[in-house]
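Derivation of every value follows stated rules applied to the coordinates shown; laboratory data play no part. Treat the numbers as computed from the prediction; the structure is a model and nothing was measured. Note: ideal-geometry Cβ built from the backbone for every residue, glycine included; neighbour counts use all protein chains shown.
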């Protein structure tokens, strides 16, 4: 590849006059094109003492969309898909039967959280049958910490700093609260199963909390 004087000066980062002086001093090799004092000259990378530039790498061409083979679907069949609702299920009568625990939704779930198709797994989503843990995990703010760093940690070599609440049992509720002493986890699970079969609903504690919230809202909205 041949270069003009301006291209050679730009590559060498020098002016045209400096290039002219170095040409007269024989520092650069060049070739004259034509005859006479003002004939044009051309340079090569080797004559300027520069390395020959590498050719640019061609950009990869995109494949033809029409020529790409169709990718087979490897996901397999869906584990649980909802069935379409019938006209009878789309009215208020079906809603009343569902609230009464007679009808189920499209996944087979009843309002009390049970599912006859998956009796040991309870209510299911469209993701498919999921086995539930037999023992609930307590929801505490320190569950991720090292037990030895907690204040209620019992060192086997020393007496406990904080005595265990004698009214607290070993099991836990669905929300992570400890059961009362003498109320086993098996007894709690059996009571919850009977409660779901009877149609569910709020417990006395939940109803009491709801009543208190209503009273507090009324007192704030209508102060005396």
> So for 14, 111, fewest C-beta neighbours within 10 Å to most, what's the order?
Replying inline: 14, 111
> What FRET efficiency, computed as 1/(1 + (r/R0)^6) with R0 = 30 Å and r the Cβ-Cβ distance, is obtained for residue 11 and residue 35, rounded to the nearest 0.05?
Replying inline: 0.65
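Among 181, 112, rank each residue by its count of other Cβ atoms within 10 Å, from fewest to most, as a rough exposure measure.
Working: 181 12, 112 16.
The most exposed by this proxy come first: 181, 112.
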> If contacts are Cα pairs under 8 angstrom and at least 6 residues apart, what is the relative contact order of segment 168-224 in percent?
Replying inline: 19 percent
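How do 32-41, 52-61 rank on mean C-beta neighbours within 10 Å, highest first? The partial results should precede the final answer.
Values: 32-41: 9.0, 52-61: 6.6.
Averaged packing, sorted descending, gives the order 32-41, 52-61.
If you average 1/r over every pair of different alpha-carbon atoms in segment 168-224 and take one over that average, what Kirkwood value in Å do you get? Present the calculation step by step, with values, prior to reporting the outcome.
Details: mean 1/r = 0.0739 Å⁻¹.
The answer is 13.5 Å.
Once the piece of chain linking residue 50 and residue 24 is laid out straight, how much longer is it, given 0.36 nm per residue of separation minus the C-alpha distance between them? Provide the component values of the computation, followed by the final result.
Details: separation 26, 0.36 × 26 = 9.36 nm, distance 1.89 nm.
Between residue 50 and residue 24, full extension yields an extra 7.5 nm.
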